[in-house]
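*Asks:* One structure coming up, written as structure tokens, with questions to follow.
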Amino acid sequence: MAFIEITSLSIFICFATIYLQQTTAEALSCHETDKAALLDFKSKITKDSSRILSTWDQSTDCCTHWDGVACDPSTGRVVNLTRPGVFTGPDDTPWDTMLYGTISPSLGNLEFLRVLHLGDQKFLTGSIPSELGNLSHLTDLFLYHNSLNGTIPASFQNLRKLSRLLLGENRLSGSVPDFVFQDMSSLTLLDLSENQLSGEIPSSVGKLVSLQRLDLLANNFSGSIPSTIGALKDLVDINLSDNQLSGIIPVSMGEMAKLSGLDLSRNRLTGSIPSSLLKLNSLSVCKLSDNKLTGSIPSSSISSTGLYKLYLDNNMLTGELPDSIGNLTNLYWLLLSNNRFTGKIPSSIGNLKNLGSLQLARNGLSGPIPPQLVKLKSLQLLDLSFNPLNLVKLPTWLSKMTSLFRLYLAGTGLSELPEWLTTMGLAYLDLSSNALAGELPRWIGNMPRLYSLNLSNSGFHSAIPVEFKNLAGVQELYLHSNNFTGGLDSIFAKPGRQYVILDVSDNMFAGPIDENIGDLNAMQRIQTLILSNNPFGGSIPKSLGKLTYLETLKLEKNGLMGAIPSELSNATFLKSIMLSNNNLAGGIPSSVVNLKWLQEFDVSHNMLTGEIPPHSATIPAGSFEGNSGLCGSPLPPCNTA
């Protein structure tokens, strides 16, 4: 459930509680049974750092003096208990509170309770008491964003008046009994998201005839989506993503006339997309990514003119893209990457005047790129990578797409780089895996807005031009798998933003590596540094230990000599250190192999000697092999004779 929706619910309930407290000022005092139940709840709270229960005192009346408690003025019975973790105070100041402890079963004695809101308290633990099933008048039960475990109590089947049930963002597990929802005909909102629930989605959800929102995101539900879900004619939003659901998308889902948001992504769904689904005029968001859907998109099935997001990427869809896709004039996101679509890119896509992101990568689409795309004045992201477009040259009309922010044309057959790219204001440019060759043009330095540049896996064979240092905004640079020569000075010398990712591996760059690399401004925020398979020679610079953000360091096949500097251990966030196939000598520093976050370490095929230091990371023997002088776990023990 989105934060804004939850917060607005909390604010409404808080004000309702305040109103009830005011109206009970002259009414009956708190019932003793209810007071005892609330005090028992407080006794189970081990820490109340924000003192939100500080007014709950035995000597005062719970209806008139206890914050978060409201009573029916005619009976003195508690009807509202609202202590959310995030709410807005009387002066509009946001409060973020936390309760530590468990939920007392005594709350089940509040037999007239209508609202129980303990959501977003973060640290309430233990199971949900089955006694809460005794609260037959309950309309709102909010226990989301805590640390509750165990199963959903079977006794919840008695909560026949429930309108909203929010149990998301906990650690609940087990299956959901089918009978739990059998008689909850008033339920409008059901959120069980981000738990560890398993088993099948109960078919009884089809009896939740008033349901408007269903959120089961990020659990372990399996089996098929129950066909009974199509009976929920008031349903507006469904999120079943990030589960293990299989089978087909029920045809009945195409009959839900009010459906606005549908997210079934990251499951194991098969079969075709129901033809009626993309005809729903109410549908605004349709996310079916990362499944195993097959079949084509029938031209006649696309008429949902209100559709804003259509995610069908990472499936096994086939056939040609229908011209009718151009009827989705409200579309902003169109994600069809990594399928098996063939044929031409429909020129009708040029009619999608609101389109901001067009992603068609990794299909079998052929060229040319339809020039009608130049009409997409709002387009910010265009990804046509790894399609057999056979472009050779970029079409000149691309230069007129001034809103374009990200351009991905990897593996599309390009063999020429046009200088007019400098006029486009691009931040992300990926032209990798093409037939680009020869010298890297000097005008490449005239693209100061670039954040990410990928020219990897091509045929460049020049030195890096000095103008390259003018790329002050670049933070991600991928030049690997070319034949670049010369030094790295033009790459390291740039001013402005520091690199986050730098991969120049598999080239012919000469060394040695600058011994002051750890002091260079461009390197101060580097997280991934990959320099492997270049004939640098020299030694590993000690100053690499000054790169405090560094997580991945790869210096394999670089002809490096000398010792592994112990100073590397000063880069405390290192997770991966790959130094294989060099001429390194001496021992392995204990401080390096015992870095706290180390997951991957490879020094194989060097000339290292001595005992491998004891270490806590799991490192296979193969990561040390090819060093005849090394011994100790995981290699054979050292000879102490």
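*Asks:* Find the strands (runs of 3 or more DSSP E) located wholly in the stretch 552-636 whose residues include 3 or more that are within 21 Å of GLY518 (Cα to Cα) and open to solvent by less than 30 Å² (accessible area, probe 1.4 Å), and list them.
*Replies:* It comes to 576-578.
*Asks:* Can you find, within the stretch 263-288, the residue that is nearest to the chain's Cα centre (by Cα) among those that are closer than 16 Å to SER227 by Cα and of a type in the set (A, V, I, L, M, F, W, C)?
*Replies:* LEU264
*Asks:* Further, regarding this structure: Regarding the stretch 493-500, can at least one residue be identified that is of a type in the set (Phe, Trp, Tyr), under 23 Å from ALA427 (Cα atoms) and in a helix (DSSP H, G or I)?
*Replies:* Checked the stretch 493-500: no residue is of a type in the set (Phe, Trp, Tyr), under 23 Å from ALA427 (Cα atoms) and in a helix (DSSP H, G or I).
*Asks:* Just checking, which of ASP40, ASP92, ASP120 is surrounded by fewer than 18 Cβ atoms within 10 Å (Cβ to Cβ) and touching a helix residue (DSSP H, G or I) at 6+ places or on another chain (Cβ under 9 Å)?
*Replies:* So the residue among ASP40, ASP92, ASP120 that is surrounded by fewer than 18 Cβ atoms within 10 Å (Cβ to Cβ) and touching a helix residue (DSSP H, G or I) at 6+ places or on another chain (Cβ under 9 Å) is ASP40.
*Asks:* Filter the stretch 241-253 for residues that are within 19 Å of ARG213 (Cβ to Cβ) and surrounded by fewer than 21 Cβ atoms within 10 Å (Cβ to Cβ); which is modelled with the highest pLDDT?
*Replies:* ASP242
*Asks:* Among the residues of the stretch 164-178, count how many are buried (at least 17 other Cβ atoms within 10 Å of the Cβ) and either under 25 Å from the mean Cα position of the chain (by Cα) or under 18 Å from ASP140 (Cβ atoms) (or both).
*Replies:* Adding up the residues that qualify gives 8.
*Asks:* Quick one: would you say SER227 is small (Gly, Ala, Ser), touching a Ser or Thr at 6+ places or on another chain (Cβ under 7 Å), modelled with pLDDT under 95 and more than 21 Å from TYR144 (Cα to Cα)?
*Replies:* Criteria met by SER227.
*Asks:* Being open to solvent by 10 Å² or more (accessible area, probe 1.4 Å), closer than 27 Å to GLU416 by Cα and touching a residue at least 12 places away in the same chain (Cβ under 8 Å) narrows it down to one of LEU520, LEU488, LEU477, so name that one.
*Replies:* The conditions single out LEU488.
*Asks:* Which condition from (1) open to solvent by less than 50 Å² (accessible area, probe 1.4 Å); (2) modelled with pLDDT under 95; (3) part of a helix (DSSP H, G or I) is the one that MET1 breaks?
*Replies:* With (1) open to solvent by less than 50 Å² (accessible area, probe 1.4 Å); (2) modelled with pLDDT under 95; (3) part of a helix (DSSP H, G or I) applied to MET1, the lone miss is (3).
*Asks:* Another question about this same structure. Please state which of the following conditions ARG51 fails to meet, knowing it meets all the rest: (1) surrounded by fewer than 18 Cβ atoms within 10 Å (Cβ to Cβ); (2) in a helix (DSSP H, G or I).
*Replies:* Unmet condition: (2).
*Asks:* Now a separate question. Would you pick out the residues in the stretch 384-399 that are open to solvent by 40 Å² or more (accessible area, probe 1.4 Å) and within 31 Å of the chain's Cα centre (by Cα)?
*Replies:* Residues satisfying the conditions are PHE386, PRO388.
*Asks:* Name the residue, out of LEU310, LEU214, that is closer than 21 Å to ASP191 by Cβ, outside any helix (DSSP H, G or I) and modelled with pLDDT of 95 or more.
*Replies:* LEU214
*Asks:* Show the residue pairs that are 6+ apart or on different chains and have beta-carbon atoms under 9 Å apart, the first residue being within the stretch 34-52 and closer than 23 Å to TRP95 by Cα and free of Cβ contacts under 8 Å to residues at least 60 places away in the same chain, the second being buried (at least 17 other Cβ atoms within 10 Å of the Cβ) and acidic (Asp, Glu).
*Replies:* Listed pairs, sorted by first residue: LYS42/ASP48.
*Asks:* Looking at LEU190, is it outside any loop (DSSP other than H, G, I, E, B), at pLDDT 95 or above and within 22 Å of ASN158 (Cβ to Cβ)?
*Replies:* yes
*Asks:* Now a separate question. Given GLY326, GLY350, GLY411, which one is small (Gly, Ala, Ser), at pLDDT 95 or above and part of a helix (DSSP H, G or I)?
*Replies:* None of the others qualify; the one that does is GLY350.
The rows are residues; the columns are (1) touching a Pro at 6+ places or on another chain (Cβ under 9 Å); (2) in contact (Cβ under 8 Å) with a residue 24 or more places away in the chain; (3) over 27 Å from ARG51 (Cβ atoms).
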residue: MET98; (1), (2), (3): no, yes, no
residue: GLY101; (1), (2), (3): no, yes, no
residue: GLU111; (1), (2), (3): no, yes, yes
residue: PHE142; (1), (2), (3): yes, yes, no
residue: SER163; (1), (2), (3): no, yes, yes
residue: LEU167; (1), (2), (3): no, yes, no
residue: PHE181; (1), (2), (3): yes, yes, yes
residue: LEU187; (1), (2), (3): no, yes, yes
residue: LEU197; (1), (2), (3): no, yes, yes
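*Asks:* Pairs, please: C-beta under 7 Å, at least 6 apart or cross-chain, first residue open to solvent by 30 Å² or more (accessible area, probe 1.4 Å) and in the stretch 72-83, second part of a strand (DSSP E or B)?
*Replies:* Taking only residues 6 or more apart or on different chains, the pairs are ASP72/VAL79.
*Asks:* Scan the stretch 55-65 for residues that are more than 15 Å from LEU28 (Cβ to Cβ) and in contact (Cβ under 8 Å) with a residue 12 or more places away in the chain and report the count.
*Replies:* Matching residues across the stretch 55-65 total 3.
*Asks:* Just one of (1) on the phi < 0 side of the Ramachandran plot; (2) outside any loop (DSSP other than H, G, I, E, B) trips up GLY343, so point out which.
*Replies:* So GLY343 meets the others, but not (1).
*Asks:* List pairs: first in the stretch 316-337 and open to solvent by less than 10 Å² (accessible area, probe 1.4 Å), second among the acidic types (Asp, Glu) and modelled with pLDDT of 95 or more, Cβ under 8 Å, 6+ apart or cross-chain?
*Replies:* LEU336/ASP313
The values are calculated or read from the model by the stated rules, or taken from the named source; none is laboratory data. Computed from a prediction, not measured in an experiment: that's the story for all the values here. In this analysis, Cβ positions are derived from the backbone assuming ideal geometry, glycine residues included, and neighbour counts consider all displayed protein chains. Side chains are part of the model used for accessible areas, which takes the heavy atoms of the whole protein and leaves out ligands, DNA and RNA. Shrake-Rupley method; radii C 1.70, N 1.55, O 1.52, S 1.80 Å.
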